[in-house]
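Have a look at the structure below before the remarks.
The values are calculated or read from the model by the stated rules, or taken from the named source; none is laboratory data. Just so we're clear, the structure is a prediction, and the values are computed from it rather than from any experiment. Note: ideal-geometry Cβ built from the backbone for every residue, glycine included; neighbour counts use all protein chains shown.
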Amino acid sequence: MNDTQKDFFPFEVRQVGIVVRDREKTMQQIGSLLGITSFRLVNFDQIEVIVHGKKTLCDAKLAFAQVGPIEIELIEPGHGESIWAEFLSAKGEGVHHVGIFVPDIDKESARFMEMGIGNLQSGEDDHVRFSYWDTERIVGVIIELLQIKSIIQKGGGKKL
């Protein structure tokens with residue numbers, strides 16, 4: 001990205017999220033197809049999320065692979081309500097979202113709300129806060145805002 005682009009686009013798309021039925025099978029297929037064999041696995045067991053404005057618990061199996069500047073995230077929904085499970089039920093497997101890392105998720109979330117964009121799901125784990133926005137009708141895909149918690153500790157944004 002050149003300096004002029006940074007003036008207009010202060011954020012970079014850093015992640016592509018793909019909803020899958022079977023994380024392990026998809027990791028093997030990606031390995032065979034693209035040679036990607038190193039994944040970081042994360043399991044959400046009863047993580048608290050807010051889905052369509054309602055607090056709930058859900059499970060998910062995640063896998064992350066770094067491919068150049070882009071992180072591929074595989075999401076296998078488990079029990080409980082989530083937009084991942086909704087997507088899988090309605091559309092099957094496929095690209096679910098693009099993830100954009102931001103320095104202040106509260107500020108960017110407020111900006112999205114001011115534009116009339118609805119929040120689909122939000123939550124956090126030990127390392128990151130995340131918030132998915134209803135942008136499919138605008139850009140053809142859901143946008144996920146992500147903020148690394150170490151940035152929060154350094155003064156950018158506030159902890160939930």
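Observations on the model:
- Scanning segment 47-65 for residues that are buried (at least 19 other Cβ atoms within 10 Å of the Cβ), in contact (Cβ under 8 Å) with a residue 40 or more places away in the chain, closer than 22 Å to Leu146 by Cα and not β-branched (Val, Ile, Thr) turns up at least one hit.
- Close pairs (7 angstrom Cβ cut-off, 6 or more residues apart or separate chains): outside any helix (DSSP H, G or I) in segment 9-32, exposed (fewer than 14 other Cβ atoms within 10 Å of the Cβ) anywhere: Glu12/Met1; Arg14/Pro69; Ile18/Gly94; Val19/Gly94
- Scan of segment 93-112 for residues that are without any contact (Cβ under 8 Å) to a residue 40 or more places away in the chain and surrounded by fewer than 17 Cβ atoms within 10 Å (Cβ to Cβ), ordered by number: Ala110, Arg111
- Cross-chain or 6+ apart pairs with Cβ under 8 Å, segment 73-86 first and farther than 13 Å from Thr26 by Cα, then modelled with pLDDT under 95 and surrounded by fewer than 20 Cβ atoms within 10 Å (Cβ to Cβ): Gly80/Gln46
- Asp3 meets the conditions (1) over 26 Å from Lys91 (Cα atoms); (2) charged (D, E, K, R); (3) modelled with pLDDT of 95 or more in every case but one. The failed one is (3).
- Conditions (1) surrounded by fewer than 22 Cβ atoms within 10 Å (Cβ to Cβ); (2) of a type in the set (Lys, Arg); (3) touching a helix residue (DSSP H, G or I) at 6+ places or on another chain (Cβ under 7 Å): number failed by Arg129: (1)
- Among the conditions (1) at pLDDT 95 or above; (2) surrounded by fewer than 16 Cβ atoms within 10 Å (Cβ to Cβ); (3) closer than 21 Å to Gly94 by Cβ, the only one that Ile72 does not satisfy is (2).
- Flag for Arg40 being basic (Lys, Arg) and in contact (Cβ under 8 Å) with a residue 60 or more places away in the chain: no
- Unique match (being polar (S, T, N, Q) and part of a strand (DSSP E or B)) among Ser89, Ser122, Ser109: Ser122
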